[in-house]
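Here is the structure we will look at, set down as structure tokens.
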Amino acid sequence: MADIDTNAVVNEDELFRFIDHDTIESEKIIAPRYSYWRSVFRVFFRKKSSWVMIVLLVLLLLCSFVLPIFCPYRPNENVTLSTSFHLSPKEAMQYFAERGQGGIKWILGTGSTGNSIFYGIWSSARTSLLLAIICAAINMTIGVVVGAVWGYSKSVDQVLLVIYSIIANVPFILMITVLVYVIGSGFWSFIFALTITGWFGIAYFFRTQVLIIRDREYSLASRCLGTPTSRIVSKNIMPFLTSVIVTILATELPSYISMEVFLSYIGVGLSANVASLGRMIQEAQTAFLTYWWEFWPPVFIAAVLTIILYVLGQNLADATDPRTHM
């Protein structure tokens with residue numbers, strides 16, 4: 001029998017040790033703290049498309065809101081120079097360089113009054129973006145609040161359903177057209193026309209969502225405990241609809257830019273003295289083949305803005321879904 005190596009023998013005290021049984025310590029759960037919004041932004045910024053769209057949006061916002069401050073757009077500055085009308089980008093650069101007025105201002109040519117298409121696009125994009133942001137903020141705020149109360153209160157539901165049935169049967173374009181002709185086609189008048197009934201569709205959608213979760217166990221328990229209706233709506237129902245709100249907002253923002261372009265294109269939008277993408281497209285529609293530089297650049301910027309806002313909104317809507325946080 002081989003000799004046992006005394007150096008290889010391990011003391012039992014080095015292998016095992018007794019610990020005290022602490023009831024309080026045993027109840028503690030060692031897990032990282034969960035933050036809903038931290039998880040939302042982690043999922044959102046995980047997508048490369050979100051970073052690309054954010055960079056493009058920041059560039060467009062700088063050009064739309066900062067550039068016009070230092071380089072104001074004057075549509076009638078060359079109205080007395082008939083030779084400056086409808087100049088292509090190459091012709092405009094040469095024409096104004098000879099007059100000592102060259103620069104990036106004429107990189108996209110001139111319009112029907114010798115105006116700078118480049119400056120006009122960014123001034124128009126600022127108007128369209130402001131219009132979309134203001135309309136979306138008004139309609140979403142009113143629509144979400146009214147929709148939550150509408151879906152929770154049965155008495156309110158009976159009244160608003162009748163009003164909604166009447167308004168929903170009136171074509172939205174017809175209503176906007178009548179309002180624009182009655183109150184005018186200024187910037188704030190146009191916003192009023194878009195928001196006077198624009199929130200009703202959002203409210204009706206949220207009313208349906210609230211009906212689905214209104215009678216769940218935790219809401220019934222809160223009601224039995226005497227919790228006020230406003231608190232039940234704000235604490236039990238609205239947090240559950242966060243992803244739904246973001247999803248609707250993702251479609252609302254770009255839709256107002258498209259709507260402004262379409263309504264201005266058919267002559268129902270903003271007045272002629274308000275620069276907008278729709279107005280630029282409407283003015284160049286008769287000569288979009290002859291003077292392509294007047295028509296296609298604003299169409300391109302309007303399309304890019306719509307796509308950027310839609311993609312960012314959809315990515316944020318996916319990130320707000322708790323099922324994507326796994």
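The values are calculated or read from the model by the stated rules, or taken from the named source; none is laboratory data. Computed from a predicted model, the values in this text were never measured in an experiment. Glycine gets a Cβ as well: all are built from the backbone with ideal geometry, and neighbour counts include every protein chain shown.
Tabulated results
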item	result
Output for the range 211-247, where each listed residue is farther than 17 Å from Gly151 by Cα and of a type in the set (A, V, I, L, M, F, W, C)	Ala221, Cys224, Leu225, Val246
Considering residues of the range 53-68 that are surrounded by 13 or more Cβ atoms within 10 Å (Cβ to Cβ) and either aliphatic (A, V, I, L, M) or more than 22 Å from Ala132 (Cα to Cα) (or both) only, the residue farthest from the chain's Cα centre (by Cα)	Leu67
Complete set of residues in the range 270-326 that are over 23 Å from the mean Cα position of the chain (by Cα) and part of a helix (DSSP H, G or I)	Gln282, Glu283, Ala284, Gln285, Thr286, Ala287, Trp292, Trp293, Glu294, Phe295, Trp296
Selected residue (criterion: modelled with the highest pLDDT) from residues of the range 27-49 that are surrounded by 10 or more Cβ atoms within 10 Å (Cβ to Cβ) and assigned to a loop (DSSP other than H, G, I, E, B)	Lys47
Matching residues in the range 182-198 - criterion: being surrounded by 21 or more Cβ atoms within 10 Å (Cβ to Cβ) and closer than 19 Å to Tyr164 by Cα	Ala193, Leu194, Gly198
Residues being of a type in the set (D, E, K, R) and under 19 Å from Gly269 (Cα atoms) - total across the range 139-195	0
Filter pass, Thr113 being assigned to a helix (DSSP H, G or I) and out of contact with any helix residue (DSSP H, G or I) (no Cβ under 6 Å at 6 or more places or on another chain)	no
Matching helices (runs of 4 or more DSSP H) fully within the range 165-258 where at least 1 residues are of a type in the set (Val, Ile, Thr) and out of contact with any Cys (no Cβ under 8 Å at 6 or more places or on another chain)	172-183, 198-213
Residue match in the range 123-141 (condition: within 33 Å of the chain's Cα centre (by Cα), under 28 Å from Trp296 (Cα atoms) and outside any helix (DSSP H, G or I))	no
Subset of the range 290-326 (residues that are farther than 30 Å from Arg42 by Cβ and surrounded by fewer than 20 Cβ atoms within 10 Å (Cβ to Cβ))	Thr290, Trp292, Trp296, Val299, Phe300, Ala303
Some residue of the range 249-260 being over 30 Å from Ala284 (Cβ atoms) and surrounded by fewer than 20 Cβ atoms within 10 Å (Cβ to Cβ)	yes
Members of the range 69-107 found to be crowded, with 18+ Cβ neighbours inside 10 Å and closer than 30 Å to Leu309 by Cβ, listed by number	Tyr73, Pro75, Trp106
Search result, residues across the range 199-225 that are free of Cβ contacts under 8 Å to residues at least 40 places away in the same chain, surrounded by 16 or more Cβ atoms within 10 Å (Cβ to Cβ) and of a type in the set (Val, Ile, Thr)	none
Output for the range 142-169, where each listed residue is without any contact (Cβ under 8 Å) to a residue 12 or more places away in the chain and of a type outside the set (A, V, I, L, M, F, W, C)	Lys154, Ser155, Gln158, Ser165, Asn169
